[in-house]
1. Full extension from residue 140 to residue 124: what is 0.36 nm times the residue separation minus their Cα-Cα distance, to one decimal in nm?
2. Take every DSSP beta bridge whose two residues both sit in the chain, then give the antiparallel share in percent to the nearest 5.
3. How big is the equivalent ellipsoid of the chain along its three axes, where each semi-axis is √(5λ) from the Cα gyration tensor, reported in whole Å from largest to smallest?
4. Once a ≥ b ≥ c are taken as the square roots of the eigenvalues of the Cα gyration tensor of the range 126-213, is the result rounded (a/c under 1.5), prolate (a/b larger than b/c) or oblate (a/b not larger than b/c)?
5. With a 10 Å cut-off between alpha carbons and a GNM built on the chain, which of 173, 128, 112 moves the most?
6. Hey, how many Å between the Cα centroid of the range 114-161 and the Cα centroid of the range 4-47?
7. Hey, in the GNM for the chain with a 10 angstrom Cα cutoff, which one of 66, 86, 166 fluctuates hardest?
8. Once you place label points 7 Å from the Cα toward the Cβ at residue 44 and residue 209, how far apart are they in nm?
């Protein structure tokens, strides 16, 4: 299949899963997913499936990335916190939409590689931090948007406290050994408002920083 045909198939898959926001679609088209994969998996970058990356983690399927990004409702003035940098693919897309992106990754090897890839793509508005994502980044709070790319049993209170009033958090919730639910949480003056976005499957949100042993 020719590159143009693969790209058209890629966009069609996104649209067929409900990603219709033109700005999000444009950001995803402009972000080469193959750059964030290695070895034989690069040839599968246009497939709408999750794929393995280092440290036992995965790069999410594009339709889920698109759905989460669309639900965040990002504008160019927003400051975003992402928990779970992984390959850096999601952060790269957010960088094309927001004013500033802070992304926290517990695996040093992933953080270093993502930082290098984002620099290579000249996405200078992203700061990748190697640290404990479950704590967020209180020194940079409050955030307009928070995206969590790992499943928690409930929206973490410590991260909700770093979300600005009027802000949005998107995350998967549920037990790590079953299908989770992707939800959008809006922090209003009157409290929290929840929206169910459908079933997903993510790795669990883990506290602490990973031990980097030949990762």
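We did not get these values from a lab; they are worked out from the coordinates using the rules stated. Given the structure is predicted, the values throughout are model-derived calculations rather than measurements. Positions of Cβ are backbone-derived with ideal geometry, glycine not excepted, and every protein chain shown enters the neighbour counts.
1. Contour length minus the Cα-Cα distance gives 4.0 nm.
2. On the way: 17 of 37 bridges.
Of the beta bridges lying entirely in the chain, close to 45 percent run antiparallel.
3. Values for the chain, descending: 24, 20, 17 Å.
4. Values: a/c = 2.20, a/b = 1.09, b/c = 2.01.
Judged from the Cα gyration tensor, the range 126-213 comes out oblate (a/c at least 1.5, b/c at or above a/b).
5. Among 173, 128, 112, the largest GNM mean-square fluctuation belongs to 112.
6. For the range 114-161 versus the range 4-47, the Cα centre distance is 23 Å.
7. With Cα springs under 10 Å in the chain, the top fluctuation among 66, 86, 166 is at 166.
8. Placing both labels 7 Å beyond Cα along the Cβ direction yields 3.3 nm.
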